[in-house]
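A short reminder: the numbers here are calculations on the coordinates, not readings from a lab. All figures in this text were calculated on a predicted structure; none of them were measured in a lab. We place every Cβ from the backbone using ideal geometry, glycine too, and count neighbours over all the protein chains shown.
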Amino acid sequence: MDKQINWGLLSTARINQALIRPLTASKRTRLLAVASRSLSSAEAYAREWKIPRAHESYEALLADPEIDVIYNPLPNHLHAEWTIKALRAGKHVLCEKPIALTLAEVDAMTQAAKESGKVLAEAFMYRHHAQTLKAKEIVDSGALGKIQLVKGAFTFNLTREGDIRSKKETGGGSIWDIGCYPISFARMIIGAEPLEVFGWRVAGENGVDDSFYGQMKFEGGVHAQFDSGFKSPFRTMIEIVGTEASLSIPAPFKPERSSEIFLSRGSKAEKIKIKGGMLYMGEVDDICDAIAENKAPRISLADSRGNVAAILALLESAQVGKPVSLVGR
């Protein structure tokens, strides 16, 4: 790579802080600019995080000729609109999960990426971590035997009043915010899309799911179960059950630099230690590789579309009270 890849932050969202560290630590990238809906807000944020440029609007950031990549951390309902605008402005885009809220949005984003020739990737940071890659390697090696079940959970107590994740109009709800993780993990491990899903939801005062409980059926008798929620203690886990052994992952979605997973066979459990890097560095490196070396992003747009399709089918199932088929969607 002849030059550093210049990044711009589309808003001053809290999640930016997770990406600022790898962007400033990597020799391949330069965090050049941030945009807000007011110049004063952008300038204050730029001073705080030592970002060279502050733009008074999102449009101004997209018009900055030196910006190569836009990080889109906007609320869920704005992911498609501003990602498409960024692509059409000639920028590569790393878009926060969930990439979109409808299949039509995903398809429009995919088309915009194709027409612009720019890279678009969904920011599921855990997918790039050594722990995830090791778990997939173990499963694919056949060490567990034939996979039967993937179980996952991601819950925490959301106590902040007016949090955007609890607002229906902005694409809130636990399944979109955190349920998307165990759904994504199960699909990745199994290596296929679900044939049919069934879901139950517990709605909060704002009409979004405070809790969601789902099942997915895959070809060959493979199943997945998960729960997500804003009204339960902090819990994260993945368990992968095969005919010969099982694999337990205590911290699947935000693994640390050093982590442990457990391979159980009968009454014996083997601890597997994994040394990983900075959690969000993987997604930064991945999109840099895609730009500089013409590599396909680890998370394809077809993969992202599959996750959105599964979430929508689960929400539909919870509404109609019966299983929903994904065949042909």
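Quick look at the numbers
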{"quantity": "Cα pair distances in region 1-114, grouped into 10 Å bins until the bin that holds the longest one, percent each", "calculated": "15, 48, 31, 6"}
{"quantity": "Dipole in debye (nearest 20) - the chain, about Cα centre, beta carbon charges: Lys, Arg +1; Asp, Glu -1", "calculated": "720"}
{"quantity": "Distance between modelled label sites at THR24 and ALA302, nm, 7 Å Cα→Cβ extension", "calculated": "4.0"}
{"quantity": "Max mean-square fluctuation residue, GNM over the chain, Cα-Cα springs under 10 Å, options GLY199, GLY145, GLY306", "calculated": "GLY145"}
{"quantity": "Placed amide H near LEU120: partners under 5 Å, 5+ positions off or other chain", "calculated": "VAL93"}
{"quantity": "Cα point-scatterer Debye curve for region 205-329, base-10 log of I(q)/I(0) at q = 0.16, 0.17 Å⁻¹", "calculated": "-1.18, -1.26"}
{"quantity": "Sorted by Cβ density within 10 Å, fewest first, the residues SER40, SER174", "calculated": "SER40, SER174"}
{"quantity": "Paramagnetic reach from ARG235 in region 299-314 [backbone N under 17 Å; point 7 Å along Cα→Cβ]", "calculated": "none"}
{"quantity": "For region 119-250, alpha-carbon Rg over 2.2 N^0.38 Å", "calculated": "1.11"}
{"quantity": "Share, in percent, of DSSP beta bridges within the chain that are antiparallel, nearest 5", "calculated": "60"}
{"quantity": "Length gained when the stretch SER40-GLU56 is fully extended (0.36 nm per residue, less Cα-Cα span)", "calculated": "5.0 nm"}
{"quantity": "Karplus (6.51, -1.76, 1.60) ³J(HN,Hα), θ = phi - 60°, over region 219-228, in Hz, Gly and Pro reported as x", "calculated": "4, x, x, 8, 10, 9, 10, 7, 9, 9"}
{"quantity": "0 to 90° range, to nearest 10: angle between helix 281-292 axis and the chain longest Cα axis", "calculated": "60"}
{"quantity": "√(5λ) per eigenvalue of the Cα gyration tensor, region 9-53, largest first, Å", "calculated": "18, 11, 8"}
{"quantity": "Candidates MET216, MET278, MET109, ranked by Gaussian network fluctuation over the chain, Cα under 10 Å, top entry", "calculated": "MET278"}
{"quantity": "Long-range tail of P(r) for the chain (Cα pairs > 33 Å, %)", "calculated": "27"}
{"quantity": "Relative contact order, percent, region 5-123 [alpha-carbon distance under 8 Å, six or more residues apart]", "calculated": "23"}
{"quantity": "Among SER141, TYR71, ILE15 - extreme Cα towards positive end, dipole of the chain, charges at beta-carbon", "calculated": "SER141"}
{"quantity": "Size-normalised alpha-carbon gyration radius of region 121-167, reference 2.2 N^0.38 Å", "calculated": "1.73"}
{"quantity": "In order through region 177-182: 3J(HN,Hα) via Karplus (6.51 cos²θ - 1.76 cosθ + 1.60), integer Hz, x for Gly, Pro", "calculated": "7, 10, x, 4, 5, x"}
{"quantity": "Spin-label pair LYS275/LEU149, simplified geometry with 7 Å Cα→Cβ offset, distance in nm", "calculated": "3.6"}
{"quantity": "Where labels lie 7 Å past Cα in the beta-carbon direction, separation of ARG265 and VAL327 in nm", "calculated": "3.7"}
